[in-house]
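> This is the structure, below, for whatever I ask next.
The values are calculated or read from the model by the stated rules, or taken from the named source; none is laboratory data. Not measured: the values here are computed from a predicted model. So basically every Cβ, Gly included, is an ideal-geometry build from the backbone, and we count neighbours across all protein chains shown. In case anyone asks, the SASA skips ligands and DNA or RNA and just uses the protein heavy atoms, side chains included. Shrake-Rupley method; radii C 1.70, N 1.55, O 1.52, S 1.80 Å.
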Amino acid sequence: MEKFILWAQALDNSSPDHFDVRGKMLSADDSVRRQEAVSSVSSVIKNGTRVYDVSGVLLTADDRHFVLEIPSAQRDLSGRTAPIVCYGEYDVVESDALGASVAVALDVFAKRIGRTLQPEHFKLMRISFETLKKKSSMTKLVRTVGIGALALAFLAIVYWLAQRGW
Amino acid sequence: MPIPIIIAAISVLISVAATIATAAWDDIVIALKGKRLAVLGARGVGKTHLVKFLTTGSIPAEYKQTVAPEKASARRFYLKDLDLKLKETLDVSGDKAAYAEWKELHDEADVVFYLLRADRLIAGDCDVESRVRNDLRHISGWLEARSSRPRFFIIGTHCDLDAEFLSTSSDKIGDYVDKFRRLPIVSELVARAGGAQQTKVILGSMKTVQDTEALVYQVFTQVVS
């Protein structure tokens with residue numbers, strides 16, 4: 001819980017949204033920290049890419065942060081599905097553990113605000129983090145190979161110039 | 001290779017090239033002449049419905065609350081005689097905690113739509129009045145702060161839930177809209193947003209694709225005028 005921001009809209013569409021920021025539920029009048037939480041989530045959506053989108057489970061990530069959206073079983077007063085959003089940092093090496101800790105955090109938050117999450121969505125959530133791990137590993141590999149190739153090319157040019165007595 | 005196959009292959013290549021060129025041309029036209037929209041409003045007023053319709057041409061099959069924002073892609077499309085070119089935008093949450101995101105969207109927009117539940121204001125819902133008053137207090141400040149003011153529209157939705165709207169014939173709809181504008185809360189909102197010259201009030205329903213099309217046509221006829 002202490003690593004994440006969890007966010008859900010109220011089912012009556014008029015009460016303030018529910019926010020848990022790094023283990024603490026925000027009060028309705030804590031507008032500064034509520035806006036900070038929303039800005040953190042927005043930043044990932046605006047600057048990141050959609051990694052996974054299956055049956056309402058959405059995972060978006062930038063270089064360091066992720067935003068996961070997962071449907072809950074409940075519907076709001078207008079009959080709309082009511083998802084829960086989880087924001088946090090990720091590390092490719094620890095992404096297996098991350099999936100498990102996000103699942104725990106979501107479960108605790110959902111129970112606290114009276115929501116139910118379906119087992120099939122938890123399963124999709126774990127798959128989404130596996131997808132993120134694969135994509136991030138590939139991106140890192142491409143980046144490392146690219147930097148390595150550039151460094152080699154630079155060394156070759158320096159060597160060539162040195163041979164010509166520059 | 002037989003000649004018909006060569007001709008067929010050339011035709012396919014030409015049509016693919018034409019499709020790519022058209023798509024690229026539309027991207028260029030949108031980049032140069034497109035308008036960036038900001039669709040703002042409290043929860044459940046129809047922001048996602050309108051953004052989806054504008055960016056995909058259809059209305060959502062399944063509705064969900066917009067908690068995290070969603071990117072909405074650029075699009076060029078025709079609606080009756082209107083050629084609409086819309087830049088990429090964002091579908092944002094209606095919670096007050098998203099005011100900073102609303103401001104950012106507003107500050108980058110050429111046209112700002114503020115959606116509200118017309119049926120609830122007509123019914124005298126005090127909570128809705130209080131919320132829209134608070135929203136407009138923020139938006140009017142942002143409008144004043146901009147050096148080039150965006151076009152601003154107040155769009156009243158869910159009119160299909162008002163019995164009077166349903167029983168009003170199309171030739172009397174102007175009277176219905178005038179009556180709505182005369183509501184004290186609506187007059188106050190319009191005044192806050194810079195007066196009737198600067199703020200257009202449009203009413204309608206988005207219950208069906210046809211209703212949504214009619215509302216969007218009504219709005220964009222004024223955007224391009």
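> Among the residues of the range A:1-36 satisfying the criterion of being touching a strand residue (DSSP E or B) at 6+ places or on another chain (Cβ under 8 Å), in a loop (DSSP other than H, G, I, E, B) and more than 11 Å from every other protein chain (Cβ to nearest Cβ), which is modelled with the lowest pLDDT?
A:1
> One residue is enough: does the range A:53-67 have a residue meeting the conditions in contact with a Pro (Cβ under 6 Å, 6 or more places away or on another chain), under 24 Å from residue B:91 (Cβ atoms), at the interface with chain B (Cβ under 9 Å from one of its Cβ atoms) and open to solvent by 30 Å² or more (accessible area, probe 1.4 Å)? Before you say what the answer is, go through the steps one by one.
Filtering the range A:53-67 for residues in contact with a Pro (Cβ under 6 Å, 6 or more places away or on another chain) gives A:56.
Next, from what is left, pick out any that are under 24 Å from residue B:91 (Cβ atoms): A:56.
Add one more test, that the residue is at the interface with chain B (Cβ under 9 Å from one of its Cβ atoms), and what stays is A:56.
If we keep only those that are open to solvent by 30 Å² or more (accessible area, probe 1.4 Å) as well, we get A:56.
The answer is yes; a qualifying residue exists.
> Which pairs do you get when a residue that is under 22 Å from residue B:144 (Cα atoms), found in the range B:170-193, comes within reach of a residue that is open to solvent by 70 Å² or more (accessible area, probe 1.4 Å) and not in a helix (DSSP H, G or I), reach meaning Cβ atoms under 6 angstrom, with the pair 6+ apart or on two chains?
B:190/B:196
> Does at least one position in the range B:158-177 carry a residue that is open to solvent by less than 50 Å² (accessible area, probe 1.4 Å), closer than 16 Å to residue B:46 by Cα and hydrophobic (A, V, I, L, M, F, W, C)?
yes
> Can I ask one more? Is one or more of the residues making up the range B:207-218 open to solvent by 30 Å² or more (accessible area, probe 1.4 Å), among the basic types (Lys, Arg) and at pLDDT below 95?
Filtering the range B:207-218 down to residues open to solvent by 30 Å² or more (accessible area, probe 1.4 Å) leaves B:207-211, B:213-214, B:217-218.
Subset that is among the basic types (Lys, Arg): B:207.
Now narrow it down to the ones that are at pLDDT below 95: B:207.
Within the range B:207-218 (the criterion being open to solvent by 30 Å² or more (accessible area, probe 1.4 Å), among the basic types (Lys, Arg) and at pLDDT below 95), the answer is yes, since at least one residue qualifies.
> Moving to a separate point now. Could you figure out which of (1) at pLDDT 95 or above; (2) of a type outside the set (Gly, Ala, Ser); (3) open to solvent by 30 Å² or more (accessible area, probe 1.4 Å) isn't true of residue B:189?
(3)
> Then there is this: Out of the helices (runs of 4 or more DSSP H) lying entirely within the range B:1-109, which hold 2 or more residues that are under 19 Å from the mean Cα position of the chain (by Cα) and either buried (at least 20 other Cβ atoms within 10 Å of the Cβ) or at the interface with chain A (Cβ under 10 Å from one of its Cβ atoms) (or both)?
Working: elements: B:3-33, B:47-56, B:99-108.
Per the criteria, B:47-56, B:99-108.
> Follow-up. Counting just the residues of the range A:77-107 that are open to solvent by 60 Å² or more (accessible area, probe 1.4 Å) and away from every other protein chain (no Cβ under 13 Å), which one comes out nearest to residue A:15 (Cα to Cα)? Steps first, answer last, please.
Residues of the range A:77-107 that are open to solvent by 60 Å² or more (accessible area, probe 1.4 Å), as a first pass: A:77-78, A:89, A:91, A:93-94, A:96-97, A:104.
So of that shortlist, the ones also away from every other protein chain (no Cβ under 13 Å) come out as A:89, A:91, A:93-94, A:96-97, A:104.
Values: A:89: 29, A:91: 35, A:93: 39, A:94: 37, A:96: 35, A:97: 34, A:104: 26 Å.
Here the residue is A:104.
For every residue, the table says whether it meets (1) under 21 Å from the mean Cα position of the chain (by Cα); (2) in a helix (DSSP H, G or I).
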residue	(1), (2)
A:58	yes, no
A:102	yes, yes
A:121	yes, yes
A:127	yes, yes
A:142	no, yes
A:150	no, yes
A:153	no, yes
